[in-house]
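The values are calculated or read from the model by the stated rules, or taken from the named source; none is laboratory data. What you are looking at is a predicted structure, and each value in this text was computed from that prediction instead of being measured. Here the Cβ positions follow ideal geometry from the backbone for every residue, glycine too, while neighbour counts run over all protein chains shown. Remember, those area values only see protein heavy atoms, side chains included, never the ligands or the DNA or RNA. Shrake-Rupley method; radii C 1.70, N 1.55, O 1.52, S 1.80 Å.
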Amino acid sequence: LVLFILTLFLTLFLLFLALFPGAFNCCTKISDEIPKGILQRVERFKIQKADDLCRLEAIILYIEGRKFCVSPQIRKVKKWMKKHKHKIPRKKPHGRLQRRTKIIKKKGKKQ
């Protein structure tokens, strides 16, 4: 009986992980302040929406392999995000779009 319950629990847990993979990547606490100079070291960022999986709205800042969760209401962070949204590499663009961009750049240089 104990083995059956453990097997059932493990199966349900794995099913939960498969259906909701982002559930354990959510910020559960956010900071309302940000240390001076930390924005200069950000490698990338992600916006966390308050939805079924994540209960808080947050900005996730990735610095040296660590993540920091800050409030999206911090004026300094809003201003920084607006300024840097195109400068920080995120996911690689789809191959087709990437090729199209390269062709446009080549044509622009020749003219």
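When the criteria are applied in full, Cys69 fails the requirement of being modelled with pLDDT of 50 or more, open to solvent by less than 70 Å² (accessible area, probe 1.4 Å) and part of a loop (DSSP other than H, G, I, E, B). Sub-8 Å Cβ pairs linking a first residue in the stretch 28-51 that is in contact (Cβ under 8 Å) with a residue 24 or more places away in the chain and closer than 12 Å to His84 by Cα to a second residue that is open to solvent by 50 Å² or more (accessible area, probe 1.4 Å) and not in a strand (DSSP E or B), at least 6 apart or interchain, are Leu39/Lys76; Glu43/Glu64; Arg44/Pro89; Arg44/Arg90, ordered by first then second residue. Out of Lys91, Lys78, Lys106, Lys83, one residue alone is modelled with pLDDT under 75, open to solvent by 100 Å² or more (accessible area, probe 1.4 Å) and assigned to a helix (DSSP H, G or I). It is Lys106. Of the candidates Arg44, Arg96, the single residue that is of a type in the set (Lys, Arg) and modelled with pLDDT under 55 is Arg96. Scanning the stretch 47-62 for residues that are assigned to a loop (DSSP other than H, G, I, E, B) and modelled with pLDDT under 90 turns up Lys49, Ala50, Asp51, Asp52, Leu53, Cys54, Arg55, Leu56.
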